[in-house]
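> Encoded as structure tokens, here's the structure I'll be asking about.
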Amino acid sequence: MTNYRIQGSTGEWEVVIGLEVHAQVTSNAKLFSSASTAFGAEPNTQVSLIDAAMPGMLPVPNRECIRQAVRTGMAVEAQINRWSRFDRKNYFYADLPQGYQISQLYHPLVGEGQLTIDTDEKAGIPQDKRIGIERIHVEQDAGKLMHDQHPTMSYVDLNRSGVALMEIVSRPDMTSPAEAGAYVRKLRAILRYVGSCDGNMEEGSMRADVNVSVRRPGEPLGTRTETKNVNSVRFVMQAIEHEARRQVEVIEDGGQVVQETRLFDPGTGTTRSMRSKEDAHDYRYFPDPDLLPLELDDAFLDECRASLPELPDTKRRRYTEELGLTPYNARELTAEVETFARFETLLRRTAERLGKSERDVATQVANWALSIAPGVINAAGPDADPAHATADAQAEILSLQAAGEISGGQAKEIFEIVLKTGRAAAEIAETEGLKQLSDTGAIAAAVDQVLAANPDKVAEYRGGKDKLFGFFVGQTMKALKGQGNPAVVNELLRDRLDQNA
């Protein structure tokens with residue numbers, strides 16, 4: 001339990017949060033038709049006769065959509081129901097041509113599971129906080145109404161009508177906006193690892209209905225409201241913060257919270273009433289007579305399970321235990337699919353070039369991938385071509401640095417030139433004078449020159465003023481025009497300074 005509380009005028013209040021996340025299933029065709037699901041097409045260009053609800057058209061389930069939903073359930077340790085059924089959810093809306101939505105109420109495809117959110121002490125998220133998942137069911141999306149095309153008319157775009165959605169329903173186990181944000185981030189990461197949803201919240205591929213209620217600590221659950229279609233982690237957290245405080249104010253002013261559906265306004269960070277909240281009986285659910293129940297066999301389930309990738313928590317443990325990375329680096333590297341994919345490719349190429357194990361070079365590669373390379377790319381500006389930032393090019397730079405041929409600063413300079421020109425790192429180091437000097441004779445001469453020029457500081461150092469060592473390093477590197485190998489410089493300086501100490 002976190003310490004998050006809302007302080008009202010009459011005392012403290014707890015917040016209870018549950019999320020219903022709608023995730024668009026990754027598939028080329030819709031749930032019950034062969035129409036395309038590509039984003040950004042011209043309105044009403046991806047609508048089959050089934051999507052338009054033409055008479056006599058019968059739905060046929062898309063096997064890939066069912067497979068992706070099952071794989072998602074397995075990734076959150078959920079029960080997979082071998083027998084499930086589609087129901088009709090009856091309601092009229094202008095962008096729902098059938099007059100009903102095909103969904104699953106009574107017998108969903110996926111049952112109870114759980115998801116462990118990431119620990120964040122600053123945000124009050126305890127270690128190993130698990131959020132229960134009540135169910136995952138498959139349903140078809142509705143179309144889209146466009147109200148800004150004409151001053152007095154609304155238009156209907158049915159391109160989304162019939163697109164497959166997974167509705168992932170959590171238990172009311174979250175007790176702060178931070179926990180809800182962590183849940184959405186973790187769920188999005190899992191969906192993207194699995195490949196069952198692209199997680200693009202801006203395009204509507206993933207959105208959340210946010211259920212919020214408040215209560216006095218230890219009292220029964222209060223009346224909840226549902227804020228629909230929130231499309232970013234930040235907005236989810238803002239919606240919870242505002243709605244919880246609004247409910248506290250209503251109750252403390254002597255009113256009652258009404259069970260209703262609300263909308264979130266990103267511009268103001270507030271929610272507003274949309275309609276009274278319906279219950280299941282309002283939709284007159286009944287089994288869809290056009291669809292047989294889904295029955296999953298062992299071969300199908302085995303194939304789904306075998307196709308799962310290494311998931312975020314497992315990958316994070318492997319990075320810390322097998323590669324020796326810090327928990328912070330492991331967490332950052334596994335947060336996004338693209339990040340870990342780039343890291344693992346670069347790690348493999350660098351280890352191969354140096355003839356070392358991946359563990360031996362993992363820390364160097366992680367630091368480069370998380371902080372150094374992004375900084376150079378940002379600083380390079382519009383002249384940089386991301387296509388030049390290949391794993392081979394970066395592995396070559398890291399190999400030169402590990403071999404002591406270039407310094408950290410030179411590695412950055414070389415990478416910037418690589419980004420702008422596509423030239424090979426070794427060639428740049430040679431022709432641009434960016435190789436590190438490791439010749440002990442040349443470095444020793446520079447050290448002797450610096451010590452001879454500063455006899456007073458040498459005496460102070462030998463008299464116990466150890467901090468002057470940095471001065472000698474800086475002067476020596478200056479004499480070597482920044483090209484001296486720091487390890488050799490440090491070693492020779494200490495040797496010379498300690499000789500007559």
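The values are calculated or read from the model by the stated rules, or taken from the named source; none is laboratory data. Since the model is a prediction, treat every value here as computed from it, not as a measurement. Here Cβ is always computed from backbone atoms with ideal geometry, including for glycine, and neighbour counts include all displayed protein chains.
> Output the number of residues of segment 345-356 satisfying the condition of being buried (at least 19 other Cβ atoms within 10 Å of the Cβ) and either on the phi > 0 side of the Ramachandran plot or not small (Gly, Ala, Ser) (or both).
4
> Same structure again: Of the residues that make up segment 295-315, is at least one in a helix (DSSP H, G or I), over 22 Å from ILE190 (Cα atoms) and modelled with pLDDT of 95 or more?
Scanning segment 295-315 turns up at least one residue that is in a helix (DSSP H, G or I), over 22 Å from ILE190 (Cα atoms) and modelled with pLDDT of 95 or more.
> Looking only at segment 357-391, which residues are surrounded by 14 or more Cβ atoms within 10 Å (Cβ to Cβ) and not hydrophobic (A, V, I, L, M, F, W, C)?
Within segment 357-391, GLU358, ASP360, THR363, GLN364, ASN367, HIS388, THR390 meet the criteria.
> Please go through segment 248-266 and give me each residue that is surrounded by fewer than 18 Cβ atoms within 10 Å (Cβ to Cβ) and outside any loop (DSSP other than H, G, I, E, B), ordered by number.
Residues satisfying the conditions are GLU249, VAL250, GLU252, GLU260, THR261, LEU263, ASP265.
> Assess whether PRO108 counts as being touching a His at 6+ places or on another chain (Cβ under 6 Å) and under 30 Å from ASP313 (Cβ atoms).
Judged against the criteria, PRO108 is a match.
> Collect the residues in segment 325-351 that are acidic (Asp, Glu) and touching a residue at least 12 places away in the same chain (Cβ under 8 Å), keeping them in residue-number order.
GLU332, GLU336
> Of the conditions (1) part of a loop (DSSP other than H, G, I, E, B); (2) surrounded by 13 or more Cβ atoms within 10 Å (Cβ to Cβ); (3) hydrophobic (A, V, I, L, M, F, W, C), LEU292 satisfies every one except a single condition; which number is it?
If we test LEU292 against (1) part of a loop (DSSP other than H, G, I, E, B); (2) surrounded by 13 or more Cβ atoms within 10 Å (Cβ to Cβ); (3) hydrophobic (A, V, I, L, M, F, W, C), just (2) comes out false.
> Hey, could you check segment 109-124 for residues that are over 20 Å from the mean Cα position of the chain (by Cα) and crowded, with 22+ Cβ neighbours inside 10 Å and say which is nearest to VAL15 (Cα to Cα)?
Once the filter is applied, the top-ranked residue is GLY113.
> Here's another thing I want to ask about it. I want to confirm something. Restricting to segment 328-344 and keeping residues that are β-branched (Val, Ile, Thr) and in a helix (DSSP H, G or I), which single residue is surrounded by the fewest Cβ atoms within 10 Å (Cβ to Cβ)?
Across segment 328-344, the extreme among qualifying residues is THR339.
> Among the residues of segment 230-247, is any outside any helix (DSSP H, G or I), in contact (Cβ under 8 Å) with a residue 40 or more places away in the chain and either of a type outside the set (A, V, I, L, M) or crowded, with 17+ Cβ neighbours inside 10 Å (or both)?
Looking through segment 230-247, none of the residues is outside any helix (DSSP H, G or I), in contact (Cβ under 8 Å) with a residue 40 or more places away in the chain and either of a type outside the set (A, V, I, L, M) or crowded, with 17+ Cβ neighbours inside 10 Å (or both).
> Is segment 60-74 home to any residue that is in a strand (DSSP E or B), touching a strand residue (DSSP E or B) at 6+ places or on another chain (Cβ under 6 Å), assigned by TED's automatic domain parsing to the domain that holds PRO289 and among the small types (Gly, Ala, Ser)?
No, segment 60-74 contains no residue that is in a strand (DSSP E or B), touching a strand residue (DSSP E or B) at 6+ places or on another chain (Cβ under 6 Å), assigned by TED's automatic domain parsing to the domain that holds PRO289 and among the small types (Gly, Ala, Ser).
> Can I ask one more? Could you run through segment 359-383 and say how many residues are touching a helix residue (DSSP H, G or I) at 6+ places or on another chain (Cβ under 6 Å) and farther than 14 Å from ASN329 by Cβ?
Residues flagged as touching a helix residue (DSSP H, G or I) at 6+ places or on another chain (Cβ under 6 Å) and farther than 14 Å from ASN329 by Cβ within segment 359-383 amount to 3.
> Conditions: (1) in a loop (DSSP other than H, G, I, E, B); (2) touching a residue at least 12 places away in the same chain (Cβ under 8 Å); (3) under 27 Å from the mean Cα position of the chain (by Cα). GLN127 meets all but one. Number of the miss?
The single condition GLN127 does not satisfy is (2).
> Are any of the residues in segment 405-426 among the polar types (S, T, N, Q), in the same structural domain as GLY324 (by TED's automatic domain parsing) and within 23 Å of ALA330 (Cα to Cα)?
Taking every residue of segment 405-426 in turn, none turns out to be among the polar types (S, T, N, Q), in the same structural domain as GLY324 (by TED's automatic domain parsing) and within 23 Å of ALA330 (Cα to Cα).
> For segment 288-306, state whether one or more residues are over 30 Å from PHE86 (Cβ atoms) and not aromatic (Phe, Trp, Tyr).
No; the residues of segment 288-306 include none that is over 30 Å from PHE86 (Cβ atoms) and not aromatic (Phe, Trp, Tyr).
> Within segment 144-151, is even one residue crowded, with 17+ Cβ neighbours inside 10 Å and in the same structural domain as PRO289 (by TED's automatic domain parsing)?
No, segment 144-151 contains no residue that is crowded, with 17+ Cβ neighbours inside 10 Å and in the same structural domain as PRO289 (by TED's automatic domain parsing).
> Taking segment 75-124 on its own, how many of its residues are among the polar types (S, T, N, Q), part of a loop (DSSP other than H, G, I, E, B) and in contact with an Asp or Glu (Cβ under 8 Å, 6 or more places away or on another chain)?
3
> Any idea which residue in segment 30-45 is farthest from the chain's Cα centre (by Cα), counting only those that are under 25 Å from ALA208 (Cβ atoms) and buried (at least 16 other Cβ atoms within 10 Å of the Cβ)?
PHE32
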